[in-house]
Amino acid sequence: MAFESFGEFVKELDAAGELVRISKPLATELEITELADREMKKPGGGKALLIEQPTIAGERSPFPVAINTLGSERRMAMSLRAESVDAVAAELGSLMKAKPPTGFKEALKLLGTALDLRHAKPKAVKFGPCKEVIHRFDGPSMPAAEKDPTLLNLPILKSWPLDGGRFITLPCVVTKDPDTGERNVGMYRIQIYDKQSTGMHWQLQKVAARHGRRYYETGTRMPVAVFLGGDPVFTFCATAPLPDGLDEMLLAGYLRKKSVELVKCETNDLEVPADSDFVIEGYVDPKEPLRPEGPFGDHTGYYTLEEPYPVFHITAITHRKEAIYPATIVGRPPMEDFYIGSASVRLFLPIFRMNFPEIVDLALPAEGVFHNLLFVSIKKSYPMQAYKIMHGLWGMGQMMFTKYIVVVDQDVNVHDTSEVLFRVCANTDPQRDSIFTKGTADVLDHATSEMAVGSKMGIDATHKLPGEGFKRRWPPLIRMDESVKQRIDRLFQQEKRA
């Protein structure tokens, strides 16, 4: 059953013992970050926090802030109304296997068809809770007695001391391809400039940036809408590595087992979920010069420095009367985004296996800050198979940003970094078992010599076969006999009972 509001999700977290309410006033400038960072660093991700009295420059905001709501395996599963993310992945995998695809492109096409068929297609409605309060910057607001919401009185965080200002950190940004009309929902940080304008940090390789380039070519204004809150599955879907052209609202409808109700914006023709908590409408003008955006304390653990980006001009802000402002912070791992990214890997693992059936499991360790480091376990059956996997994964969507891929055998738990590092040290000759190549890099990666381009490294930590230049006998791994282990277990269980 779908969540009808973000507030409903917060109440469920509270009832499940997954939420801590903070009644003391906390500043949106740095203080909320410090508390949330301490919580996120606790084992398992800590608890979600509801800041009941956030302050902006000493003034209390009318909206509470919820943070770290997706920052654990349990809360991620709760957001999907599931026992576990693996259970959702298994269901999606079985759906995809109904008609085995012959290749990756066919798998993606099948994914779109499957999502469309399973109560996923969104439907249009005329009104939704997100329009209970409407403030148009170019006309009358509703209701007139309400204090008009602007970017200056929303409890938007300044996360880190050197940040260039306050940033919206969980925005679901809606754009449309001007040629095909296909919708994209992505997540790109938004820096507040003043009450009616922001930066729009859509990186070079993102879908919204591609949409923007088409508007820049024609010189016409680009409509943009940003929504926050609503069903927490929207936030997850905005970060999911879906292929260009596949609507995130289809995935959201499938995961929540209910079609997403979409309502048209007040000042442009884009549609947003009717149950959103906040909607920020506006446009990007391609005739306008780019404006410096940043610095920003990023998921890399370092600040991304000031760079020019488009300006997002606000034409309207609408919201629920009882809206909760959703936020997150990024920085040195582990953070909330680790659990969101891990859920994406689990959910899309069945699709990876369709093209690479030898893959057993994938993991993005927290130390890799989302996508710098990937561990892959495979059922190895022929020489150089690990390199096939490396090259294949580097060519798939956001995997193009992965700097390091380590391939291990099927008996390795890729979620245990210590075990993977043991195999790397034990099973590799550095020169023989490493490969370097060049490719696209994350715009946020400060270590590359040039922005958005860099090198990749693959490490084959699997057992070696004769065809891989290995001339010696491969030794067996030390393991105790299973019968002995069971005997010791029985002996000491009896001793405890005695």
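Quick one: in the range 356-366, of everything that is crowded, with 20+ Cβ neighbours inside 10 Å and either hydroxyl-bearing (Ser, Thr, Tyr) or touching a residue at least 40 places away in the same chain (Cβ under 8 Å) (or both), which residue is farthest from residue 466 (Cα to Cα)?
Here is the first cut: in the range 356-366, the residues crowded, with 20+ Cβ neighbours inside 10 Å are 359, 362-365.
The next check asks that each one be either hydroxyl-bearing (Ser, Thr, Tyr) or touching a residue at least 40 places away in the same chain (Cβ under 8 Å) (or both); those that pass are 362-363, 365.
Values: 362: 26, 363: 28, 365: 31 Å.
Out of the qualifying residues, it is 365.
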*asked:* Give all pairs with beta carbons closer than 7 Å in which a residue from the range 1-15 that is open to solvent by less than 60 Å² (accessible area, probe 1.4 Å) meets a residue that is of a type in the set (Gly, Ala, Ser); count only pairs at least 6 apart in sequence or on separate chains.
replied: 5/230; 6/229; 6/230; 9/79; 10/66; 13/48
*In the range 450-487, what residues are surrounded by 11 or more Cβ atoms within 10 Å (Cβ to Cβ), aliphatic (A, V, I, L, M) and at pLDDT below 95?*
451, 452, 453, 465, 477
*Could you list, in sequence order, the residues of the range 366-379 that are part of a loop (DSSP other than H, G, I, E, B) and either out of contact with any strand residue (DSSP E or B) (no Cβ under 9 Å at 6 or more places or on another chain) or under 23 Å from residue 205 (Cα atoms) (or both)?*
369, 370, 371, 372
*Find the residue count for the range 382-417, including only residues that are in contact with a Phe, Trp or Tyr (Cβ under 7 Å, 6 or more places away or on another chain) and within 28 Å of residue 206 (Cα to Cα).*
5
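Yes/no matrix, rows are residues, columns are (1) under 19 Å from the mean Cα position of the chain (by Cα); (2) part of a loop (DSSP other than H, G, I, E, B):
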| site | (1), (2) |
| --- | --- |
| 201 | yes, yes |
| 210 | no, no |
| 234 | yes, no |
| 242 | yes, yes |
*Check residue 369 against each of (1) free of Cβ contacts under 8 Å to residues at least 40 places away in the same chain; (2) over 13 Å from residue 457 (Cβ atoms); (3) surrounded by 19 or more Cβ atoms within 10 Å (Cβ to Cβ); (4) not basic (Lys, Arg) and name the one condition it does not meet.*
(1)
*Hey, can you tell me all the residues within the range 162-200 that are under 17 Å from residue 243 (Cα atoms), among the β-branched types (Val, Ile, Thr) and touching a strand residue (DSSP E or B) at 6+ places or on another chain (Cβ under 9 Å)?*
173, 174, 175, 185
*asked:* I'd like the residue in the range 377-401 that is more than 14 Å from residue 458 (Cα to Cα) and among the small types (Gly, Ala, Ser) and, out of all such residues, is surrounded by the most Cβ atoms within 10 Å (Cβ to Cβ).
replied: 397
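Quick one: which residue in 352, 278, 348 is in contact (Cβ under 8 Å) with a residue 40 or more places away in the chain and crowded, with 23+ Cβ neighbours inside 10 Å?
Details: 352 fails: crowded, with 23+ Cβ neighbours inside 10 Å; 348 fails: crowded, with 23+ Cβ neighbours inside 10 Å.
Selected residue: 278, the only one of 352, 278, 348 that is in contact (Cβ under 8 Å) with a residue 40 or more places away in the chain and crowded, with 23+ Cβ neighbours inside 10 Å.
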*Can you tell me which residue in the range 129-176 is surrounded by the most Cβ atoms within 10 Å (Cβ to Cβ), limited to those that are polar (S, T, N, Q) and either at pLDDT 95 or above or under 25 Å from residue 32 (Cβ atoms) (or both)?*
159
*For the range 15-31, how many residues meet the condition of being hydrophobic (A, V, I, L, M, F, W, C), over 14 Å from residue 57 (Cβ atoms) and touching a strand residue (DSSP E or B) at 6+ places or on another chain (Cβ under 6 Å)?*
3
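Would you call residue 464 farther than 25 Å from residue 207 by Cα and without any contact (Cβ under 8 Å) to a residue 12 or more places away in the chain? Break it down into steps so the answer makes sense when it comes.
Values: farther than 25 Å from residue 207 by Cα: yes; without any contact (Cβ under 8 Å) to a residue 12 or more places away in the chain: no.
When the stated conditions are applied, residue 464 does not pass them.
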*Considering every residue within the range 392-399, establish whether at least one is within 28 Å of residue 327 (Cβ to Cβ) and in contact with a Pro (Cβ under 6 Å, 6 or more places away or on another chain).*
yes
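For residue 79, indicate whether it is out of contact with any Phe, Trp or Tyr (no Cβ under 6 Å at 6 or more places or on another chain), farther than 27 Å from residue 152 by Cβ, polar (S, T, N, Q) and crowded, with 20+ Cβ neighbours inside 10 Å.
Values: out of contact with any Phe, Trp or Tyr (no Cβ under 6 Å at 6 or more places or on another chain): yes; farther than 27 Å from residue 152 by Cβ: yes; polar (S, T, N, Q): yes; crowded, with 20+ Cβ neighbours inside 10 Å: yes.
Yes; evaluated as a whole, the condition is true for this residue.
So, in the range 402-431, how many residues would count as being in contact with a His (Cβ under 7 Å, 6 or more places away or on another chain) and either within 18 Å of residue 368 (Cβ to Cβ) or open to solvent by 30 Å² or more (accessible area, probe 1.4 Å) (or both)?
Just the residues of the range 402-431 that are in contact with a His (Cβ under 7 Å, 6 or more places away or on another chain), to begin with: 402, 409, 427.
This time we only want the ones that are either within 18 Å of residue 368 (Cβ to Cβ) or open to solvent by 30 Å² or more (accessible area, probe 1.4 Å) (or both), so: 402.
Number of matching residues: 1.
Going by what's in this entry, would residue 346 be described as basic (Lys, Arg), under 14 Å from the mean Cα position of the chain (by Cα) and more than 30 Å from residue 52 (Cα to Cα)? Full working, then the answer.
Values: basic (Lys, Arg): yes; under 14 Å from the mean Cα position of the chain (by Cα): yes; more than 30 Å from residue 52 (Cα to Cα): yes.
For residue 346, the condition - basic (Lys, Arg), under 14 Å from the mean Cα position of the chain (by Cα) and more than 30 Å from residue 52 (Cα to Cα) - is met.
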*What is the residue count in the range 289-307 for residues that are open to solvent by 60 Å² or more (accessible area, probe 1.4 Å) and not in a strand (DSSP E or B)?*
5
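For the range 253-269, enumerate the residues that are touching a residue at least 60 places away in the same chain (Cβ under 8 Å) and either in a helix (DSSP H, G or I) or open to solvent by 10 Å² or more (accessible area, probe 1.4 Å) (or both).
253, 254, 255, 256, 257, 258, 259, 261, 264, 266, 267, listed by residue number.
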*Just one of the numbered conditions (1) more than 19 Å from residue 197 (Cα to Cα); (2) open to solvent by less than 10 Å² (accessible area, probe 1.4 Å); (3) among the hydroxyl-bearing types (Ser, Thr, Tyr) is not true of residue 318; which one?*
(1)
*Before we move on, is residue 299 modelled with pLDDT of 95 or more and of a type outside the set (A, V, I, L, M)?*
no
*asked:* Yes or no: the range 201-209 includes at least one residue that is under 21 Å from residue 179 (Cα atoms), modelled with pLDDT under 90 and of a type in the set (Val, Ile, Thr).
replied: yes
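The values are calculated or read from the model by the stated rules, or taken from the named source; none is laboratory data. These figures come from a predicted structure and were not determined experimentally. We place every Cβ from the backbone using ideal geometry, glycine too, and count neighbours over all the protein chains shown. These area figures cover heavy atoms from the full protein model, side chains too; ligands, DNA and RNA do not enter into them. Shrake-Rupley method; radii C 1.70, N 1.55, O 1.52, S 1.80 Å.
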